[in-house]
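The structure under discussion appears below in the form of structure tokens.
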Amino acid sequence: MKIAVIYLIGINLLTFVLYGIDKWKAQQNYWRVPEKTLILLAVIGGAVGALAGMILFRHKIRKPKFYLGVPFILFAQIAAVCWFVERLL
């Protein structure tokens, strides 16, 4: 359980930072973080960091796969955790 919490904190921090870096790179016309990488990070547990990065940096908020996809991923992850915890009790 402790490892899972550490993992989730780490992956969400990484995802949040990468959204910020990608926004900065977009403004500077530098090489960008691929969209599939940003979505993958959300899928593997960084959905909270992705959503926070989208909101705080105002990044990827006009793309449907992000403004619809990231909240959906987060909802699905919360539902999966609730289901799993219910089965344990």
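The values are calculated or read from the model by the stated rules, or taken from the named source; none is laboratory data. Given the structure is predicted, the values throughout are model-derived calculations rather than measurements. A quick note on method: Cβ atoms are made from the backbone with ideal geometry, for glycine too, and the neighbour counts reach across all protein chains shown. To get the accessible areas, we keep the full protein, side chains included, count just its heavy atoms, and leave off ligands, DNA and RNA. Shrake-Rupley method; radii C 1.70, N 1.55, O 1.52, S 1.80 Å.
Annotation: of all residues in the stretch 44-64 being exposed (fewer than 15 other Cβ atoms within 10 Å of the Cβ) and of a type in the set (A, V, I, L, M, F, W, C), the one that is modelled with the lowest pLDDT is ILE61. Against the numbered list (1) on the phi > 0 side of the Ramachandran plot; (2) in contact (Cβ under 8 Å) with a residue 12 or more places away in the chain; (3) of a type outside the set (Ser, Thr, Tyr), ALA26 comes up short only at (1). Restricting attention to the stretch 65-78, the residues being of a type outside the set (Phe, Trp, Tyr) and open to solvent by 70 Å² or more (accessible area, probe 1.4 Å) number 3. Only residues that are open to solvent by 50 Å² or more (accessible area, probe 1.4 Å), over 11 Å from the mean Cα position of the chain (by Cα) and of a type outside the set (Ser, Thr, Tyr) were counted in the stretch 5-18, giving 3.
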